[in-house]
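Please treat every number below as a calculation from the coordinates, not as lab data. Just so we're clear, the structure is a prediction, and the values are computed from it rather than from any experiment. For neighbour counting, all protein chains shown are included, and Cβ atoms are generated from backbone atoms with ideal geometry for every residue, glycine included.
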Amino acid sequence: MNRRDFSIALGALPLLSWVISAASAAGPAEAPKPKIGMLIYPGMILQDLVGPQTVFSILQADIRLVWKDRKPVMTDVGIALTANDTFDTCPPELDVLFVPGGLGGSIACMKDAEVTGFLASRGARARYVTSVCTGSLVLAAAGLLRGYQATSHWYVRDLLPLMGATLGAERVVEDRNRFTAGGVTSGIDFGLTLAARLSNDDTARRIQLLIEYDPKPPFAAGSPEGAGPALTQEILQRRAPLIASVRKEAEIAKERLGI
């Protein structure tokens, strides 16, 4: 951690203390910190991770960034992350298993037996199995969404049923202990939703106020319905090669899973 990061961390401590103290004052003794394993991988979308990670950090969760090794992992915006746990050292029992998105990186993870094997192992025992954006495709390829309702980024969510999931179109889809969210910005919605399950609604509300999550986008173009067919088709055409690639991997996963 560099000096700037250390200063930011120190500056955040009073805010963190206020949130947790307020929550504790309203209820019984503080429960053990939730143990959260957050997969990182090359080509992932940083925002998919840091949105919910911010919420979980304020909740004072025990957050483990997990990858195959501890070499820097480059994200979509050119900022590298380093895992503090590997597949071998990640605790076998997690409260939350989380996978972010990033279509190119997600495709690579879907075809990587080491990644899907790790997710299948931890997901079988995790209290919650979760994702943002195309992370749900990776969960599905690992067999973790079979029989569950789930969602993903709008331009690939129709692939989930190929791998045994039931399609949901809400911004955050909750089905028993599976929580999946749509593209990128839905990560904060997901984080707050799960924070309420891990603690309580009042704590989640305090976190929402603390991070001033009160979105008022300048345009009504955040969904295909709002953006309209012309803009939607433009996005689909630009992403067509990657969408074709991920469809192929979904078909391969379908066959591998015996669906």
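Please sort 194-201, 218-225, 131-138 by packing, taking for each peptide the average over its residues of neighbouring beta carbons within 10 angstrom, highest first.
The packing order, highest mean first, is 131-138, 194-201, 218-225.
Please get the size of the charge dipole for the chain, origin at its Cα centre, with Cβ charges of +1 on Lys and Arg and -1 on Asp and Glu, quoted in debye to the nearest 20.
320 debye
Using the alpha-carbon atoms, what tilt in degrees (0 to 90, nearest 10) does helix 3-25 show relative to the longest principal axis of the chain?
The angle comes out at about 80 degrees.
Give me the mean projected area, in nm² to one decimal, of the convex hull enclosing the Cα positions of region 27-127.
Dividing the Cα hull surface by four gives the mean projection, 6.6 nm².
Remind me, relative contact order of the chain in percent, using alpha carbon pairs under 8 angstrom and six or more residues apart?
Over the chain, the number comes to 17 percent.
Is it possible to state the helix-based mean residue ellipticity at 222 nm for the chain, with each DSSP H run of 4+ residues giving -39500 (n - 2.57), the sum divided by total residues, to the nearest 500 deg cm²/dmol? What is it?
Roughly -14000 deg cm²/dmol at 222 nm, from the helical runs in the chain.
For the chain, just say rounded, prolate or oblate: build the C-alpha gyration tensor, square-root its eigenvalues into a ≥ b ≥ c, call rounded for a/c under 1.5, and beyond that prolate if a/b exceeds b/c, oblate if not.
Here the chain falls in the prolate category.
Could you tell me how far the Cα centroid of region 122-150 sits from the Cα centroid of region 48-103, in Å?
15 Å
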